[in-house]
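Here the structure comes first, spelled out in structure tokens, and everything after it is commentary.
What follows draws every value from the coordinates through simple rules; no lab data is involved. As the structure is a computational prediction, the values presented were derived from the model and not from experiment. A quick note on method: Cβ atoms are made from the backbone with ideal geometry, for glycine too, and the neighbour counts reach across all protein chains shown.
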Amino acid sequence: MFTLPLLVLSHLAFRNPLPVGPLSVDSGKLLAYKLQPGETLKYRLQAEIVASMPLLDSKEPVDLTATVKMVYLATTKTRLKDGSSDIDFTIEPGSAEIEVAKIPFPVTDEQAKDILNQSITMSRFGEVKGNTTLKPLPFVDSIPGVDPRRLFALMFPVVFPGKQVTSGTSWTFKSELLGSAVAVPKFTATFMPTVSEMVKKPNKHNIPSASSTAPVSNNLATTFEMAINQKLNSDKKTAANDSEVYKNRTGSIKGAGEFNMDISAGHIVSGKVKISALLKDTLVAKPLTDDEPKELVSKVEANIKITLEPYKKPVKSTATP
């Protein structure tokens, strides 16, 4: 049953923050991730999903709610002179939880590991240069550009422009969260520091960092949108040619989010993302069954929160057998 909420997530593919005061005027900041070899960042992720969509072989949409919880550990293995880092993303053992309609479903560590554990190489500005561990999904990944194996991108959600930005600066970027050769999304980020971007006080998250200050509010806003225009065969997979087309799928996936970045430490402290999908399947061939609907509309809305938490490295046992 672990695949059910992931099916929902795979049918998905951020709100604009309001500053608490006047924007500061500065000469600009160079935004970058600052990762140290051996350092582990611990992120708690929770997704609340509301959907109306067909499941498995159902002919009509089914209303459902689901909650997905997990803890990602992002461990920097090596860092090159140019600032690029090799990062291992692993799911903390025992942290993956699934509820569908308030009914819990067991998730084994092996199931979570097989789908969600990833290794990437990332530049200091957030561009993923390599991903060598994507394994086949245990279910049909029927929407191009949408892949639950890429949830790790929420820990480093913005690719920075590589030049100084000032209050209100916006830029577009490519994210690993969504996208493929046939479905190209548009991601936009805006830098929105407040009148007092960093408050001189102990880090409220109690997380050791190079900075003794903490951001007072969300300072990064993001939006994205991806159009869906797909031809499906009778197995709900992408049709290899026009003669195989059974249904046309059209629609869009949109999202907006806000993130709290500790600029001095160079990592995200917290964030929230809202993703909405509206898809319509239209029958264009002779139906295989009498109850096959001519049109089928699916709606999905997901609200995702991520929070950085203190990480304690496991103590290796020194006991002898």
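So, of the residues in the stretch 94-114 that are touching a Lys or Arg at 6+ places or on another chain (Cβ under 9 Å) and surrounded by fewer than 21 Cβ atoms within 10 Å (Cβ to Cβ), which turns out to be nearest to V71 (Cα to Cα)? Restricting to residues being touching a Lys or Arg at 6+ places or on another chain (Cβ under 9 Å) and surrounded by fewer than 21 Cβ atoms within 10 Å (Cβ to Cβ), the top hit is S95. May I ask you to list the residues in the stretch 61-103 that are assigned to a loop (DSSP other than H, G, I, E, B) and more than 30 Å from K294 (Cβ to Cβ)? Listed by number, the residues that qualify are L80, K81, D82, G83, S84, E92, P93, G94, S95, A96, K102. Scanning the stretch 271-297 for residues that are small (G, A, S) and surrounded by fewer than 19 Cβ atoms within 10 Å (Cβ to Cβ) returns S276, A285.
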